[in-house]
1. Those residues that are at pLDDT 90 or above and assigned to a loop (DSSP other than H, G, I, E, B), I need them from region B:227-245; list them, please.
2. Give the number of residues within region A:38-64 that are at the interface with another protein chain (Cβ under 10 Å from one of its Cβ atoms), over 10 Å from the mean Cα position of the chain (by Cα) and closer than 15 Å to B:GLY20 by Cβ.
3. Can you find even one residue in region B:234-241 that is surrounded by 14 or more Cβ atoms within 10 Å (Cβ to Cβ), small (Gly, Ala, Ser) and without any contact (Cβ under 8 Å) to a residue 40 or more places away in the chain?
4. Got at least one residue in region B:87-100 being within 21 Å of B:VAL231 (Cα to Cα), crowded, with 17+ Cβ neighbours inside 10 Å and at pLDDT below 75?
5. Report, ordered by the first and then the second residue, all pairs with beta carbons closer than 6 Å, sequence separation of six or more or different chains, a first member in region B:183-206 that is on the phi > 0 side of the Ramachandran plot, and a second member that is in a strand (DSSP E or B) and surrounded by fewer than 11 Cβ atoms within 10 Å (Cβ to Cβ).
6. Identify all residues within region B:93-138 that are closer than 24 Å to B:THR251 by Cα, touching a strand residue (DSSP E or B) at 6+ places or on another chain (Cβ under 8 Å) and in a helix (DSSP H, G or I); write none if there are none.
7. Take region B:103-150 and flag every residue that is in contact with a Gly (Cβ under 8 Å, 6 or more places away or on another chain) and without any contact (Cβ under 8 Å) to a residue 24 or more places away in the chain.
8. Could you tell me which of the residues B:ALA70, B:ALA52 is assigned to a loop (DSSP other than H, G, I, E, B), at pLDDT below 85 and more than 10 Å from chain A (Cβ to nearest Cβ)?
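The values are calculated or read from the model by the stated rules, or taken from the named source; none is laboratory data. No experiment lies behind these values; they were computed from the predicted model shown. Don't worry about glycine lacking a Cβ; one is built from the backbone with ideal geometry, like all the others, and counts go over all protein chains shown.
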Amino acid sequence: MGRANPSDREPPARRRVRRATTSWEAEYSEYFALRAVPLRRLAYVLCGDWHLSEDLVQVTFLKLYQHWPRIRAETVDAYSRRVLINSYLSKTRRLRGEQIVAEVPDRAAAEVSVTEAVDLGRAMAVLTPKQRTLLALRFIEDVSVAETAGLLGISEGTVKSQTFRAARTLRAHLGVYTHSEE
Amino acid sequence: MHTDPDDGALRTALHDYATGGEPALGLTSAGMLTAGRRAGRRRRTFQALGVAAVLTVAAVAAAQLTTPDAPPTSILAATAAPSGPAAAARPCTGLTVGPDASGEDRGHAITCFATTVVPGMLPGATLTQPTGQGAPPGTLALHAYPHSWGRGFNADALVTDAAGVGLVFIVVRPRDPADPPPDKDTCVAPGCERRTGPHGEPAGVYHKPEAEGTSTGWTVAVYSAGSTVSVTSGNHTPDTLMATRPAPPLTVEQLWQLATDPRLQVYG
């Protein structure tokens, strides 16, 4: 397929399949299988809503389908992240005045308690959309400072300083919530 | 650079937050392919509709710009020729001209033929009614008008294209014993050639000799039982004998094709 940048995480067998693929729709399907779930996690950190996350992923993959033959393999991850983030930021602008709040998870993972998830969700809701975007890109997607700067159209220094502030705010609010419930 | 020793912990917390209550993905690759194809079809449909709408608007605008509002009122005025029979005032379909046809019907038949066939031989040319040839005011190019000094019709056009300006004119009149076809005694001048039409009718090709700097032209005349049809093309305008283009706009063979067409033999 030759599309996904996270090829470091990709098993060699999949790479062979990608090279053997001739139809771009097959490439697209493989990319979907590889990246739909991570992109939904990115979207969830951004918006705190699983349904909205899925909508954002759907919009992203529809746009990817539309432009797939013209997207270069080395830029497809950046392109998909950009589409998803732009869709999210656009939605938050439309919903200006409404607060996007974290949703209580349907069920808890074994290692994460419901309380911890709710706390983090509440703390994330305090951040601005751009701060959430920075944290999601840097800590969920492991995107480099340079690429984050390119994606958001800001300088690398701004990425570092704003990420630092967002993390500090998050910890502070997480501490407040944790403290208040103790 | 701002670094924090707790970044690792924050990373883990965020990752747990994003995966902790994660429901099953409701999207499938097959569903996305279907949705993508549907969106693509919809987009192409809208694009096609948009293009069609633009073309329709452009065509309507072009038609409004190119359709003359009214024929010229002066005999000296020139009018763009219509490009097909639809331009004639009466429809040309199902047209038959019998022995009892009126003069108007015969003229209409000539107009239908000329406006249908001649423009196809002159792609890209502009056809206008030449001035000073006896056409009534308002006559369109290649539209038949009664011959000014006897029975019969003329249909003329001034042809303008990249090569210059030239003439085409058609004359159709009843066969006149006083106007015999060329024979061995009369077709002796240089440029005269006797031929026989597709139905054995006598015909002649007259080539006007070309002197240096002056115009030239060809005439093909066909003498059927009831009609004399002559079609001429010259590399000049009615106003000058000097060449206004290198060669006449129609070739001898095109003139032959026109003159031998039975649709011009409106007198039988």
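1. B:ARG245
2. Selection size over region A:38-64: 2.
3. No, the conditions are met nowhere in region B:234-241.
4. Yes, region B:87-100 contains a residue that is within 21 Å of B:VAL231 (Cα to Cα), crowded, with 17+ Cβ neighbours inside 10 Å and at pLDDT below 75.
5. From region B:183-206, no pairs qualify.
6. Hits for region B:93-138 are B:ILE110, B:THR111, B:ALA114, B:VAL118, B:PRO119.
7. Across region B:103-150, the qualifying residue is only B:SER148.
8. Values: B:ALA52 fails: assigned to a loop (DSSP other than H, G, I, E, B).
Sole residue among the options that is assigned to a loop (DSSP other than H, G, I, E, B), at pLDDT below 85 and more than 10 Å from chain A (Cβ to nearest Cβ): B:ALA70.
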